[in-house]
Amino acid sequence: MNTNKPEPGASTDSLIGTSLSASFTVKDARASMVWYRDVLGFTVEMQVEREGELRAVSMAGGSAKILLSQDNGAKGIVRQKGVGMSVQITTAQNIDAIAARIKAAGGRLEAEPADTPWGSRVFRLHDPDGFKLVISSERPAPSTTQS
């Protein structure tokens, strides 16, 4: 249910978020920026450089926001990233057209566009660091049949 009212019995102190942004620690911030820009179609909102090195990039694809931060190697530069989670980006755009554009730009889909039992259309892919992304159409509005 998409409402700003708490569920019955929920605390009135429940979090009611209005957006969610993702922050990824990446192996190569510049390469990831290029991938998100050229393959997914995100735009660069802000870049942070220190001593001539790109440290972070804030990117947007409509309301979807991603912060890419350069891994400093403190936990091991070759460590596996993106394990056990995925980020879903929902759009009103044509899912098949987005998937085709991504493939034409050199991106590889993990799963081709497919219909879901709940009525949306989705596909999956990984970014260069292994973070899992799901691109989904909006769910259709529930039908309201009157008796």
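The values are calculated or read from the model by the stated rules, or taken from the named source; none is laboratory data. Remember, it's a predicted structure, so these values are computed and weren't measured experimentally. Neighbour counts are summed over all protein chains in view; Cβ atoms, including those assigned to glycine, are modelled from backbone coordinates with ideal geometry.
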Handout entry: Filter pass, residue 55 being closer than 17 Å to residue 27 by Cβ, modelled with pLDDT of 90 or more and among the basic types (Lys, Arg)
Key = yes
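Hey, can you tell me all the residues within the stretch 117-130 that are at positive phi and free of Cβ contacts under 8 Å to residues at least 24 places away in the same chain? Outline the logic, then answer.
First, the residues of the stretch 117-130 that are at positive phi: 119, 130.
119, the sole residue that qualifies.
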Practice task
Check whether at least one residue in the stretch 125-142 is within 17 Å of the chain's Cα centre (by Cα), aromatic (Phe, Trp, Tyr) and either surrounded by fewer than 12 Cβ atoms within 10 Å (Cβ to Cβ) or assigned to a strand (DSSP E or B) (or both), and report yes or no.
Solution key: no
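Please find, within the stretch 24-67, the residue that is farthest from residue 88 (Cα to Cα) out of those that are among the aliphatic types (A, V, I, L, M) and without any contact (Cβ under 8 Å) to a residue 12 or more places away in the chain. Break it down stepwise before answering.
Of the stretch 24-67, the ones among the aliphatic types (A, V, I, L, M) are 26, 29, 31, 33-34, 39-40, 44, 46, 48, 54, 56-57, 59-60, 64, 66-67.
With without any contact (Cβ under 8 Å) to a residue 12 or more places away in the chain added as a condition, the list becomes 34, 48.
Values: 34: 20, 48: 25 Å.
So, considering only residues that are among the aliphatic types (A, V, I, L, M) and without any contact (Cβ under 8 Å) to a residue 12 or more places away in the chain, the one farthest from residue 88 (Cα to Cα) is 48.
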Completion exercise
Among the residues of the stretch 28-68, the number that are over 15 Å from the mean Cα position of the chain (by Cα) and part of a strand (DSSP E or B) is 10
Practice task
Answer with yes or no whether residue 136 is among the small types (Gly, Ala, Ser), modelled with pLDDT of 90 or more and within 21 Å of residue 33 (Cβ to Cβ).
Solution key: no
Exercise for the section: Return a yes/no flag: does the stretch 107-122 have any residue that is under 21 Å from residue 28 (Cβ atoms), of a type outside the set (Val, Ile, Thr) and out of contact with any strand residue (DSSP E or B) (no Cβ under 8 Å at 6 or more places or on another chain). Expected result: no
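Which one is modelled with the lowest pLDDT among residues in the stretch 63-96 that are surrounded by fewer than 11 Cβ atoms within 10 Å (Cβ to Cβ) and in contact with a strand residue (DSSP E or B) (Cβ under 8 Å, 6 or more places away or on another chain)?
Of the residues in the stretch 63-96, the ones surrounded by fewer than 11 Cβ atoms within 10 Å (Cβ to Cβ) are 72-78, 80, 83-85, 92.
If we keep only those that are in contact with a strand residue (DSSP E or B) (Cβ under 8 Å, 6 or more places away or on another chain) too, we end up with 85, 92.
Values: 85: 77, 92: 90.
Filtering the stretch 63-96 for residues that are surrounded by fewer than 11 Cβ atoms within 10 Å (Cβ to Cβ) and in contact with a strand residue (DSSP E or B) (Cβ under 8 Å, 6 or more places away or on another chain), the one modelled with the lowest pLDDT comes out as 85.
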Exercise for the section: Would you tally the residues in the stretch 69-116 being touching a residue at least 12 places away in the same chain (Cβ under 8 Å), basic (Lys, Arg) and assigned to a loop (DSSP other than H, G, I, E, B)? Expected result: 2
